[in-house]
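The values are calculated or read from the model by the stated rules, or taken from the named source; none is laboratory data. Note that the structure is a prediction, hence the values are computed from the model and not measured. Heads up, the Cβs are rebuilt from the backbone with ideal geometry, glycines too, and the neighbour counts pull from every protein chain shown.
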Amino acid sequence: MVNINLLGKKRRESKGKNLVYIALLTPFIAFTLYFLGISMFVVLKLSWIKADQVRVDREAEAVSKEMTANNELLKKFVLAKYILGKIESLNTGKFRYKEYLDQLVGLLPEGTVLKNVDFSNKGWISVATSISGMSALRLLESNLSSAEKLSSTAFSSVFIEGVSRDKAGLYQAKLQFEITNNAGK
């Protein structure tokens with residue numbers, strides 16, 4: 001009798017099939033694990049990128065708000081500078097009445113009263129004064145003829161139009177002050 005072992009042959013066949021399955025399944029599992037690893041890396045990288053993007057968006061919003069605030073300050077600064085420039089240009093274009101009067105009064109001795117000041121002639125100031133006595137009149141003439149006193153003012157020259165004495169004993173003097181050309185600068 002011949003002994004037939006059917007079980008062993010099936011085992012050998014199934015062992016061969018298992019090897020084929022293992023040989024095919026191993027690259028598939030390796031590829032699947034590689035793909036899952038890459039997918040996990042991409043998902044993690046995307047979440048980091050998204051977190052960075054949110055942080056950058058917040059910073060951009062903060063910078064934008066700061067720029068807007070600075071823009072408002074810049075607008076206020078430019079407006080204030082413009083207004084101050086306009087004021088300065090208006091002031092430089094004005095005739096300096098007070099400065100001229102202060103300098104005139106500085107040349108007049110004690111006892112001299114300004115009666116009339118006329119700025120109508122361009123470059124000249126006409127002045128009428130009342131002087132209390134002869135000593136004050138001589139002091140006025142001395143002050144007006146002094147080149148040193150005149151050089152410290154905005155006037156280049158002074159002309160005495162006339163001096164007269166009224167009934168009360170006061171001297172009436174009419175003077176012309178020439179304004180220096182660069183006095184306004």
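Quick rundown of the values:
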{"quantity": "Search result, residues across the range 122-145 that are loosely packed, with under 15 Cβ neighbours inside 10 Å, among the polar types (S, T, N, Q) and more than 27 Å from Arg96 (Cα to Cα)", "calculated": "Ser135"}
{"quantity": "Residue list for the range 147-182, filter: modelled with pLDDT under 85, in contact with a helix residue (DSSP H, G or I) (Cβ under 6 Å, 6 or more places away or on another chain) and not β-branched (Val, Ile, Thr)", "calculated": "Lys149, Ala154"}
{"quantity": "Sole residue being within 16 Å of Val105 (Cα to Cα) and part of a strand (DSSP E or B), chosen from Glu161, Glu178, Glu141", "calculated": "Glu178"}
